[in-house]
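For reference, the structure discussed in these notes is given below.
The values are calculated or read from the model by the stated rules, or taken from the named source; none is laboratory data. Being a predicted model, the structure only gives us computed values, none of them experimental. Ideal geometry is used to build each Cβ from the backbone, glycine not excepted, and the neighbour counts take in all protein chains shown.
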Amino acid sequence: MARRMREYILEVAGDLFSRQGINSTSVDNIAAQAQVAKVTLYKYFKSKELLIIEHLRTQEEKLWQRLAEASRQESALAELEALVVGLLDIIGEKDFKGFASIKAGVEFPQPDHPVNQRSREFSRQLRSQFAELAEKAGIKQAEALALQLALVVEGAAITERSQQGSDFVGHAKSLVKTLINSAS
Amino acid sequence: MDLLNSAWLIHMIERSGKKPAEKLLCVYSLLDTWLSAPGIRERALEEYASQHSLAAACPVLSAHLLRLATVAKLQNPAAVVAQLMILLQGAVAEELRSPGTDALLTAQQAAKAVLADARPPLATRIEKSLLAGGYAAAVTAIAILGLHVWPSGQHQQAQFAQQGTEYQEAAVVDAIDPDLLLKALAFKRNIQSGICPAPSYASVPQDQLQTYMHVVQSGLSSNPALDSRKLEALLAWYEQHRAWECYSKLQNKQKIILGMGV
């Protein structure tokens, strides 16, 4: 029961965070939307900050799971491409509202803030996964390619969100192919 | 980010190289320099938090890149520019988040690969040198592409719609010398398209401010407040104080096109 309550609050909060932004969602908002007392909320999450971090963790987990399914391929090179294309596919989905962790980093730009640190950790993980696969595929400048691919994903996420329907995802996919081809 | 739509940036891009491909690539280094200037990062972060994408917020920059990509005879210039803008967007975001990661220069390397991939086949390149008139065709092509490719380009659409009305405007006003009126129309168009910087209201001389507002905002049609003398004075003032900031090559071309029309 307690676990379900915790998940329920997290879900309501996550929905508000992704729709209206973290900064413009107060604990009062969340309690009202979830129809629970503030005391109950604080019982499960000691602070808003912890709630945010927990929200980001769940979102990231979901994302990694989806990507793991999408990117099983024979060669490391194919896997790298499938991973990036998988991310772009998610970006292209109709209800895509941005990657939670990346967006949170923009809302909390102070580098010593725990939310910002979490956000940068997410980008770092993404990039190191690209780099790992690129290295496995025998690409010499694996780090550089990884950063290039990360820039494409981030750029496409922002662009597509504000200009849906203009097929930026399609452009980003051909961009990914070009970059991988010219590096390998 | 105002800078990305400014005539200044377009001017710097134009000065940065001879070949259009060089100019396309230098956008990244220009922004790299700009973002490392004192105080800029903080301001950019503030504006950036509003989460508008560059492609949507910078019609002037994307239109200019499209022009360069077309002149460079790249294959599918619109797709190339979309890709360049994605890279630029990602790099600016990354550079703002973690400064000093050389995100923009990495994006520049990626952009090089994009341009190399989109290079025209040899036959087209030879043809290019033979076709002297290709330039004019390119300009038309950009205009058409611009309309199709950038759905957010109300900017360009507005310009197109406006070209139609301009001549109506011209027909209504007969108190003003036609040559002068054409100059005023070109002036208005240059400001609206970002080729020339719009002067801040505070910098326009008091007695000319009203004329300026008439020209830029309410249009030139059936406007009894506008007379040749005032209009001439305004244009002369602009020529003297602000016109040096215009992206000159294009302005000349517009004059030529305008001249052919008359």
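Residues that are surrounded by 18 or more Cβ atoms within 10 Å (Cβ to Cβ) and modelled with pLDDT under 90 within the stretch B:96-137 comprise B:LEU96, B:ARG97, listed in sequence order.
Of all residues in the stretch A:8-59, those satisfying the criterion of being in contact (Cβ under 8 Å) with a residue 24 or more places away in the chain and in contact with a Ser or Thr (Cβ under 6 Å, 6 or more places away or on another chain) are A:PHE17, A:LEU56. Confirm whether A:PHE122 is more than 10 Å from chain B (Cβ to nearest Cβ), touching a Ser or Thr at 6+ places or on another chain (Cβ under 6 Å), surrounded by 19 or more Cβ atoms within 10 Å (Cβ to Cβ) and assigned to a helix (DSSP H, G or I). Yes, satisfied. Test B:GLN108 against the criterion of being out of contact with any His (no Cβ under 7 Å at 6 or more places or on another chain) and part of a loop (DSSP other than H, G, I, E, B), and give yes or no. Answer is no for this residue. Kindly check whether there is at least one residue in the stretch A:137-157 that is assigned to a helix (DSSP H, G or I) and modelled with pLDDT under 90. Yes, the stretch A:137-157 has at least one match. Every condition in (1) touching a residue at least 40 places away in the same chain (Cβ under 8 Å); (2) over 18 Å from A:PHE168 (Cα atoms) holds for B:CYS58 except the one numbered (2).
Given A:LYS46, A:LYS103, A:LYS97, which one is surrounded by fewer than 14 Cβ atoms within 10 Å (Cβ to Cβ), within 12 Å of another protein chain (Cβ to nearest Cβ) and closer than 30 Å to A:MET5 by Cβ?
Answer to the selection: A:LYS97.
When the stretch A:125-164 is filtered for residues that are farther than 19 Å from B:ALA113 by Cα, at the interface with chain B (Cβ under 9 Å from one of its Cβ atoms) and more than 14 Å from the chain's Cα centre (by Cα), the ones remaining, listed by number, are A:THR159, A:GLU160, A:SER162, A:GLN163.
Name the residues in the stretch B:89-108 that are at the interface with chain A (Cβ under 7 Å from one of its Cβ atoms) and not aliphatic (A, V, I, L, M), would you? If the condition is that a residue be at the interface with chain A (Cβ under 7 Å from one of its Cβ atoms) and not aliphatic (A, V, I, L, M), then B:GLN89, B:GLY90, B:GLU94, B:ARG97, B:SER98, B:THR106 are the ones that fit. Here's a check for you: in the stretch A:168-180, which residue that is at the interface with chain B (Cβ under 8 Å from one of its Cβ atoms) and either closer than 20 Å to B:LEU105 by Cα or out of contact with any Asp or Glu (no Cβ under 8 Å at 6 or more places or on another chain) (or both) is surrounded by the most Cβ atoms within 10 Å (Cβ to Cβ)? In this case the residue turns out to be A:LEU175.
Quick one: would you say A:SER75 is in contact (Cβ under 8 Å) with a residue 12 or more places away in the chain and buried (at least 19 other Cβ atoms within 10 Å of the Cβ)? No: the conditions fail for A:SER75.
A quick yes/no check of all residues on (1) over 23 Å from the mean Cα position of the chain (by Cα); (2) at pLDDT 85 or above; (3) on the phi > 0 side of the Ramachandran plot; (4) of a type in the set (Val, Ile, Thr):
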| position | (1), (2), (3), (4) |
| --- | --- |
| B:ALA44 | no, no, no, no |
| B:GLU47 | no, no, no, no |
| B:ALA57 | no, no, no, no |
| B:LEU68 | no, yes, no, no |
| B:ASN76 | no, yes, yes, no |
| B:VAL81 | no, yes, no, yes |
| B:LEU87 | no, yes, no, no |
| B:GLU94 | yes, yes, no, no |
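Checked against (1) under 14 Å from A:VAL12 (Cα atoms); (2) over 12 Å from the mean Cα position of the chain (by Cα), A:LYS43 passes all but a single condition, namely (1). Evaluation of B:LEU66 against the conditions (1) of a type in the set (A, V, I, L, M); (2) under 22 Å from A:VAL176 (Cβ atoms); (3) surrounded by fewer than 24 Cβ atoms within 10 Å (Cβ to Cβ); (4) away from chain A (no Cβ under 12 Å) shows that the sole unmet condition is (3). Taking the stated definitions as given, is A:ALA104 within 25 Å of A:THR178 (Cα to Cα) and assigned to a helix (DSSP H, G or I)? It is false that A:ALA104 is within 25 Å of A:THR178 (Cα to Cα) and assigned to a helix (DSSP H, G or I).
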